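Reviewing the structure listed below.
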Amino acid sequence: MDCCSQPGLMPIEQARSLLRDSASLKTQIQTVSLEDALGRVLAEDIVSPINIPPFDNSAMDGYAICAEQLPNNKTLPLSHKVFAGDTQQLALESGHCVRIMTGAPLPPGCDAVEMQENTEINADNEQQITFNQPINKGKNVRLKGEDVKQGQVVIPAKTRLNSSHIGLLATLGINEISVQSLLKVALFSSGDELIQPGKTLKHGQIYDSNRFAIRALLAKLPVEIIDLGVIADDKQLVTEAFIKADQVADIVICSGGVSVGEADYTKLVLDEIGDINFWKLAIKPGKPFAYGKLPNSYFIGLPGNPVSAYVTFYKLAMLVIAKTCGWDYKEPLAIPAKSSQDFKKSPGRTDYQRGFASISASGQLEVKSTGAQGSAIFTSLTEANCFVVLEQDRGRVSAGEMVTIEMFAEPIL
């Protein structure tokens with residue numbers, strides 16, 4: 001067991017359960033147009049007002065017939081033509097066929113469509129169509145309501161809408177929907193050592209990278225970002241920042257200042273104005289984590305190391321964000337993969353190592369490390385496409401052993 005894995009650390013699943021149970025909805029229902037619905041969280045079930053398709057129609061360019069009327073000589077006279085968008089409903093003349101285009105409504109009396117490649121037009125009489133093979137009832141016919149039935153729930157509440165949902169809503173003729181309002185998330189960093197990218201570093205200074213990284217993650221979520229910048233290590237300024245953030249946001253996020261021995265005012269101020277728990281988690285990277293309530297908002301304190309901040313945002317903060325904005329967030333599937341190399345690991349903490357998964361020449365899903373796994377090594381993330389999840393009690397992994405991986409998905413892409 002490593003020195004950071006002493007008894008008493010909270011298991012990651014216990015922390016996740018506490019977050020799920022304590023957070024509650026913070027948003028309001030609003031109406032948006034279809035054009036503005038992408039990425040929003042549904043507040044109500046979408047119930048189809050129509051059948052899809054709304055009428056029986058042809059799946060092919062070809063000829064519509066009544067299958068049982070196809071004679072042994074397989075030739076039928078042409079009755080009329082039907083195109084997509086035709087609104088007149090001319091019935092099939094008995095013993096005839098109808099020229100029909102893809103998507104066109106099936107004429108009354110027709111129950112099958114033969115694609116034009118399987119037919120021939122009589123050279124001497126273009127009104128005579130020969131069918132080159134038997135046809136069964138229902139061939140190349142899209143039936144009314146076979147995709148969606150009127151009254152069916154097609155998208156449940158709490159779904160975050162993607163591009164396919166937008167297409168479905170348009171297909172149903174829906175142009176306005178009820179969604180949750182955007183969650184307001186205030187974000188800031190604190191520390192005299194932090195300066196903005198683009199400026200020249202002095203000895204002892206570092207760039208404020210975490211705020212930009214977390215902001216980029218938040219930008220992919222159904223939230224409104226309130227960026228309060230960098231707050232200097234001054235108690236009055238830190239207090240003012242927290243009070244302002246609490247007044248304008250539903251969730252307040254900062255990174256750093258949550259581990260033992262931090263020489264700043266974050267903990268002191270939080271203890272004065274909020275009810276905050278400082279947890280030591282059995283997770284690597286990312287042992288220090290803070291969570292609780294300010295007078296009007298939830299507070300999330302991420303570790304200061306950049307990879308730790310990413311991992312704890314992905315595995316912990318996402319749960320709070322999803323719950324408070326009414327989103328039924330689906331986490332990535334945990335899938336087995338073969339390790340193509342050794343992975344260093346000591347029992348005591350669940351380890352989210354960064355890996356690159358691929359398919360081997362033999363068709364096996366395998367994973368390798370992206371290199372050094374220190375919590376400050378950002379390239380371990382930029383070169384990865386998955387987490388290699390090594391269980392809390394597990395030790396060193398040898399090449400060839402099976403491990404669990406989680407492929408990166410939103411919002412970490």
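The values are calculated or read from the model by the stated rules, or taken from the named source; none is laboratory data. Keep in mind that what you see is a predicted model, and the values were worked out from it rather than measured. A quick note on method: Cβ atoms are made from the backbone with ideal geometry, for glycine too, and the neighbour counts reach across all protein chains shown. Side chains are part of the model used for accessible areas, which takes the heavy atoms of the whole protein and leaves out ligands, DNA and RNA. Shrake-Rupley method; radii C 1.70, N 1.55, O 1.52, S 1.80 Å.
Looking at region 337-413, the strands (runs of 3 or more DSSP E) lying wholly inside it that each contain 2 or more residues that are touching a helix residue (DSSP H, G or I) at 6+ places or on another chain (Cβ under 6 Å) and within 20 Å of Leu217 (Cβ to Cβ) sit at 350-359. Starting from residues that are among the hydrophobic types (A, V, I, L, M, F, W, C) and open to solvent by less than 30 Å² (accessible area, probe 1.4 Å), keep the ones in region 63-77 and report whichever is farthest from the chain's Cα centre (by Cα). Per the stated criteria, the residue is Leu76.
So, in region 192-219, of the ones that are closer than 24 Å to Met318 by Cβ and either in a strand (DSSP E or B) or of a type in the set (A, V, I, L, M) (or both), which residue ends up most open to solvent (accessible area, probe 1.4 Å)?
Narrowing region 192-219 to residues closer than 24 Å to Met318 by Cβ: 208-219.
Right, trim to either in a strand (DSSP E or B) or of a type in the set (A, V, I, L, M) (or both) and you get 213-214, 216-219.
Details: Ala213: 14, Ile214: 4, Ala216: 53, Leu217: 8, Leu218: 0, Ala219: 73 Å².
Among those that are closer than 24 Å to Met318 by Cβ and either in a strand (DSSP E or B) or of a type in the set (A, V, I, L, M) (or both), it is Ala219.
Contact annotation: residue pairs with Cβ atoms under 8 Å, 6 or more positions apart or on different chains, pairing a residue in region 100-123 that is within 22 Å of Ile52 (Cα to Cα) and at pLDDT 95 or above with a partner that is of a type in the set (Ser, Thr, Tyr) and in a loop (DSSP other than H, G, I, E, B), are Gly109/Ser94. Which one of these is farther than 21 Å from Phe289 by Cα, hydrophobic (A, V, I, L, M, F, W, C) and over 25 Å from the mean Cα position of the chain (by Cα): Leu228, Leu201, Leu268, Leu221? The conditions single out Leu201. State all residues of region 24-36 that are open to solvent by less than 50 Å² (accessible area, probe 1.4 Å) and either touching a Leu at 6+ places or on another chain (Cβ under 7 Å) or of a type in the set (S, T, N, Q) (or both); if no residue qualifies, say none. Of everything in region 24-36, those that are open to solvent by less than 50 Å² (accessible area, probe 1.4 Å) and either touching a Leu at 6+ places or on another chain (Cβ under 7 Å) or of a type in the set (S, T, N, Q) (or both) turn out to be Thr27, Ser33, Leu34.
Yes/no matrix, rows are residues, columns are (1) modelled with pLDDT under 95; (2) surrounded by fewer than 22 Cβ atoms within 10 Å (Cβ to Cβ):
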site: Ile321; (1), (2): no, no
site: Leu333; (1), (2): yes, yes
site: Pro336; (1), (2): no, yes
site: Ser339; (1), (2): no, yes
site: Thr350; (1), (2): no, yes
site: Gly355; (1), (2): no, no
site: Ala361; (1), (2): yes, yes
site: Leu365; (1), (2): no, yes
site: Gly371; (1), (2): yes, yes
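The residues of region 353-381 that are over 22 Å from Arg394 (Cβ atoms) and without any contact (Cβ under 8 Å) to a residue 24 or more places away in the chain, listed by number, are Ser358, Ile359, Ser360, Ala361, Ser362, Gly363, Thr379. The single condition among (1) closer than 15 Å to Phe188 by Cβ; (2) touching a strand residue (DSSP E or B) at 6+ places or on another chain (Cβ under 7 Å); (3) open to solvent by 10 Å² or more (accessible area, probe 1.4 Å); (4) in contact (Cβ under 8 Å) with a residue 12 or more places away in the chain that Leu237 does not satisfy is (4). Summed over region 119-141, the residues that are within 19 Å of Asn57 (Cα to Cα) and not in a strand (DSSP E or B) give a count of 6. When Gly138, Gly85 are screened for being modelled with pLDDT under 95 and surrounded by fewer than 14 Cβ atoms within 10 Å (Cβ to Cβ), only Gly85 passes.
Scanning region 144-168 for residues that are in a loop (DSSP other than H, G, I, E, B), open to solvent by 60 Å² or more (accessible area, probe 1.4 Å) and out of contact with any Phe, Trp or Tyr (no Cβ under 9 Å at 6 or more places or on another chain) gives Glu146, Asp147, Lys149, Gln150, Gln152, Pro156, Asn162. What is the number of the single condition among (1) touching a Pro at 6+ places or on another chain (Cβ under 7 Å); (2) open to solvent by 20 Å² or more (accessible area, probe 1.4 Å) that Pro49 does not meet? Against the list (1) touching a Pro at 6+ places or on another chain (Cβ under 7 Å); (2) open to solvent by 20 Å² or more (accessible area, probe 1.4 Å), Pro49 comes up short only on (1).
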